[in-house]
Structure formats: C-alpha cells, structure tokens
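Here's the structure, in structure tokens; my notes come after.
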Amino acid sequence: MLLVAAYLPLALLMAHSQRLLCDEIYTYRIAQQPTWGGMLRLSRTLDLHPPLHYILQRLALGTGLPRWLASRLPSLIAGQLTLLAIFSLVAGLSSNVQGLFAAAIYSFTPAINFSWCNRPYALWFFLLSLTALLWCRAASDRRRSWIPTALGIAALAMVMDHIFGLVCLSPFYLAEGLRAYRRKRLDWPVAAALVLPSLAGLAYLHQVTSLATHTVAPLLLPSVDKAIDLYTGLVSLALTVLTACAVAAILLIPEERTSRYLRVPLTNVQAVMMAGLFAVPAFIMILATIHPTQWFLRYGACGTVGFALLVPFAMMRARRTQAIAVLMTVAMLVTSTVRANTDTFDVFGPWRAFTIPGVPPQRLEALDPSLPIAMASAPRFVELNDEVPAVIARRLAYVTDRTEAQRYSAQTLFETEDQAIGPLGLLGKVEPREAFFAEHTRFYMIANYPDPEEWLMRYLMANGASVRYMGKFVSTISSDDLYLVTLPGK
C-alpha cells in the first residue's frame, strides 16, 4: 500500500502532464500499424529495440483509453511492478522494512522517471528486477518446481524487450557460475533458464548491424567523463537523501535494539549478482565504445536496480538501521507528494514564446503560406508533425544530405528519415538538400544552433545564406527559434 501510494498518483500526473516526445511518437505510430506483421516489420527497420514493448503498446491502445494514458500504460504498470519486485526480493532475504528501504532507494534514482515514458525502459527495469527476484528464489534450497521456468520466461521477456537486455544476463551468468563452483555441480534447470533466452538476441542482430552504418556526433559518444557523469547521476540523489536520513536518525532517534532480521548478510553469490547489475552500465558503455554509438543516461539506468538492492545490505552494520529505513520510506512518500505538485508543470508549454518582453511571438499559422518550414532537427520534425494541424504539417520539411551532415555535425543517424515518414503517417516531407534548395530559395527554418545533431544552420551560414532571426514561435517542442532563410544570389 505504501509503494502504491508513493508511486501511482505521481506517475499518472506525470504521464498526463507531458506530451509524447519523438521516440514515444515512433513507438505509438509503429504500434498503430494496420496489421501485426506490419508493426513487427516496421519495428525492425525503424527502431533499435526488440518487439515486446510494441506488442504491449498495441494491446494498450486497444483499450480505448486517452492517448496519454494508453500509450504509456505498459510503462506505468511496469514502474509499479519494479518497486514491488525490488521490495519482494530484499524482503524475502531480510525483512519488510529492508524491502521498503530498497524500493525507496530506487524511487530516488533517474530510472523511476522512465515509468511515464512510452519506451521500453520501464519494462526492461521491471523484467530485470523480476529476473533477479526469481533467480534468488531459484538459487534457494527450498525453491518450488515452477521457479526455473518462470525465471526463463522473465529472462526471455527482458531480452525481447530491450536490446541491452541480453547484456543484463551477464551478472546472472557470473553468479550462477560461482554458485556451481561452490556446489561442485551445475544447476541445470537454472542454467538453462538463463542461457536459452540469450538465443533470442539473434532476432535483432539486424538492428545492430544497421546502426553500424551511421556516424554519431562526438559529443554524444561514450567516454570516461560520461561514465563518471552516468554513475554520479544514477546514485547522487539517492545517496544525498540517505545521508540526510542517517543524520536525522542519529540526532533525533535513540539507538534501537535492532532485530536480527535486519542483520541478515548477503551470500557471496547474491552479492556478485547485485554488484554485477550495478556494473552493467559500465559494460554497456564499453560495448558502445567498441561499436561506436551515441550514449545517453537511459542506456545505463538499469544499474539502479543493482544499486537499490545493494544499499540496504550495505547499511546493515550502521547504527539505527531500522530508523534509517523508515525515514527513507517517509522521504519517498514526501518526495512523491512534492513532485506531484511541482514536476508536473509542463516545461515545454507554449507559454515560453511569450516570456521575452517586447518581442511578440510568431504563430506558424500566420507565416507566409507560400514558404515551407524547414526543420533542422529530425526529432523536433517528428514532434511538430504530431502537434500542428494538417495544413501546417504539410509545409514542414526535413532536409537531408549525408555528406554535409557528416561534415557539420558528424551525425548521420537521421539522414534516412525519408524511410520513416510514410509508414509513420506523418504529413511533412523529407527532401534531399539539392532538390529542396532548387525548389525553394526562401524558406522558414526552425533550428537550435548549439544542438550538436543539427547541421543545416551551420551549413547555411558557412555557405553565405542570409539567416534572419524572427524570434520565438508558439509551440510545445523544445526548439522554438524561428528564422527566415534566403539562399545566396537570390
């Protein structure tokens, strides 16, 4: 009840207050394909992830719920189940108080924010925590006969939800190998439950090989600094709250006579599994360096599951352990209430265009209808297509040129955007630069110059085009700067 109260109201409010972003629109429109076969084919060609999340998304859209709720329903449910799985794992090894402690730690990590995002991350984290829970039960001397089968299903689902789900099986391989060494024999049902699902990774080698044909902006590539930033971002807030609760417990609460159930230590095998989960983001980053691809925090947020599992056991030797756990639970509830009243504010609302005094914002409907509107960012192009009326969407254009994109941004990931527009049902156009410039010597442009993924404005300025800033325009996408471009000699 505490975990539902701390999560569900906040998650629903956050889901309702935020518009679908580019990747979420991809998920939504892929899941809307007329046939199941068409959906699966499109998921393989337009996105990187395996099909499980699209299947659940399609089922959720069939409920008839409002778009904001139906599109995010799988993630919303997965976020709640993740908290319950983490609680159940630690409670089963120690006590309910420690289980709440672990769930509270997870609630203070960035992973919780993907629970209201229409992408496969929340489901990935749930299936990872469920796999950890079932593996602990499977490694028990008193396991039930159905546990290895359930473990295999959970592991298979994780592999078929996210492309990094396969990597997340590696800590279980290490832990099970150590367990087999200590037992002097292999537990074949558990080993099969972990190894056989990995074969499903062969189903999405196509996505991995197709990604290798693109280049990525240097600022988005993995590095040592990004690794430091990643782990700092994953644990800093949770450790800050934990420190505050520990200080409050020491200063305000008399030292208790701690129950023996709070002092149950981890076995070496369990510790290897949990520490391995926390180390998975570093492993993924190494793979992303070997096979260069862009890196974002969401790719490593799975490590928070291992972190949340480890902290309660690491704190067992601390004084006032029970008091700290209770204060962390209270902090989770209070923080959820505060976030529900503050974080649900729409930071990309149309009000932004009116915040610059003396400069009235533009409205796209009022612009010269004879001129197209070029978008320098492919993600913003998708989002604006999804937002504006059809008469405006038909004027939107994303300009492609692989050579110039490589030269001015080193990012070519979106230079095949023309393959996505038709299947996704977007009304805007994707045109090669030469053809677009031959037809339009003057056009509007929406751009964000500092964005490392955008190349169009840098190309225009380097080649003598007149780029006149026209101010902000009323929109809910993150780029809201409008320009009027006149090509040189025109």
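The values are calculated or read from the model by the stated rules, or taken from the named source; none is laboratory data. In this text, all values refer to a predicted model and were calculated from it rather than measured experimentally. Note that we place each Cβ from the backbone using ideal geometry, even for glycine, and neighbour counts take in every protein chain shown.
General observations
- Failed item in (1) surrounded by fewer than 20 Cβ atoms within 10 Å (Cβ to Cβ); (2) in contact with a helix residue (DSSP H, G or I) (Cβ under 9 Å, 6 or more places away or on another chain); (3) under 27 Å from Gln33 (Cβ atoms), with Phe381 passing the rest: (1)
- Those residues of the stretch 368-390 which are under 23 Å from Thr441 (Cβ atoms) and over 25 Å from the mean Cα position of the chain (by Cα), in sequence order: Asp368, Pro369, Ser370, Leu371, Pro372, Ile373, Ala374
- Boolean, Ala462 is in the same structural domain as Val359 (by TED's automatic domain parsing) and farther than 27 Å from Arg44 by Cβ: yes
- Beta carbons closer than 8 Å, at least 6 apart along the sequence or on distinct chains, pair a first residue in the stretch 183-196 that is more than 15 Å from Ile147 (Cα to Cα) with a second that is hydroxyl-bearing (Ser, Thr, Tyr) for Val195/Tyr173.
Conditions tested, residue by residue: (1) modelled with pLDDT of 95 or more; (2) more than 19 Å from the chain's Cα centre (by Cα).
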position	(1), (2)
Thr293	no, no
Arg298	no, no
Cys302	yes, no
Val305	yes, no
Met328	yes, yes
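- Subset of the stretch 446-490 (residues that are in contact with a Ser or Thr (Cβ under 6 Å, 6 or more places away or on another chain), hydrophobic (A, V, I, L, M, F, W, C) and part of a loop (DSSP other than H, G, I, E, B)): Trp455, Leu487
- Checking Leu130, Leu166 one by one, the residue that is hydrophobic (A, V, I, L, M, F, W, C), surrounded by 21 or more Cβ atoms within 10 Å (Cβ to Cβ) and assigned by TED's automatic domain parsing to the domain that holds Asp23 is Leu130 and no other.
- Any hit, the stretch 39-48, residues being modelled with pLDDT under 95, in a loop (DSSP other than H, G, I, E, B) and closer than 24 Å to Thr304 by Cβ: yes
Each row is one residue, and each column tells you yes or no for (1) surrounded by fewer than 19 Cβ atoms within 10 Å (Cβ to Cβ); (2) under 17 Å from Leu21 (Cα atoms); (3) not assigned by TED's automatic domain parsing to the domain that holds Gly358.
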site: Ile421; (1), (2), (3): yes, yes, no
site: Gly428; (1), (2), (3): no, yes, no
site: Glu454; (1), (2), (3): no, no, no
site: Arg458; (1), (2), (3): yes, no, no
site: Ile477; (1), (2), (3): no, yes, no
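- Residue pairs meeting the criteria (Cβ under 8 Å; at least 6 apart or on separate chains; first in contact (Cβ under 8 Å) with a residue 60 or more places away in the chain, in the stretch 131-157; second surrounded by fewer than 19 Cβ atoms within 10 Å (Cβ to Cβ)): Cys136/Gly92; Ala139/Asp187
- Within the stretch 336-366, the set of residues being part of a loop (DSSP other than H, G, I, E, B) and surrounded by 18 or more Cβ atoms within 10 Å (Cβ to Cβ) comprises Pro361 only.
- Within the option set Ile421, Ile392, being in a helix (DSSP H, G or I), touching a helix residue (DSSP H, G or I) at 6+ places or on another chain (Cβ under 6 Å) and among the β-branched types (Val, Ile, Thr) holds for one residue only, Ile392.
- Residue check for Leu65: more than 21 Å from Val305 (Cα to Cα), surrounded by fewer than 23 Cβ atoms within 10 Å (Cβ to Cβ) and modelled with pLDDT of 95 or more: yes
- Residue list for the stretch 384-403, restricted to those being crowded, with 19+ Cβ neighbours inside 10 Å and charged (D, E, K, R): Asp386, Arg395, Asp401
- Enumeration of residues in the stretch 82-117 that are surrounded by fewer than 21 Cβ atoms within 10 Å (Cβ to Cβ), under 24 Å from Gln57 (Cα atoms) and over 15 Å from the mean Cα position of the chain (by Cα): Leu84
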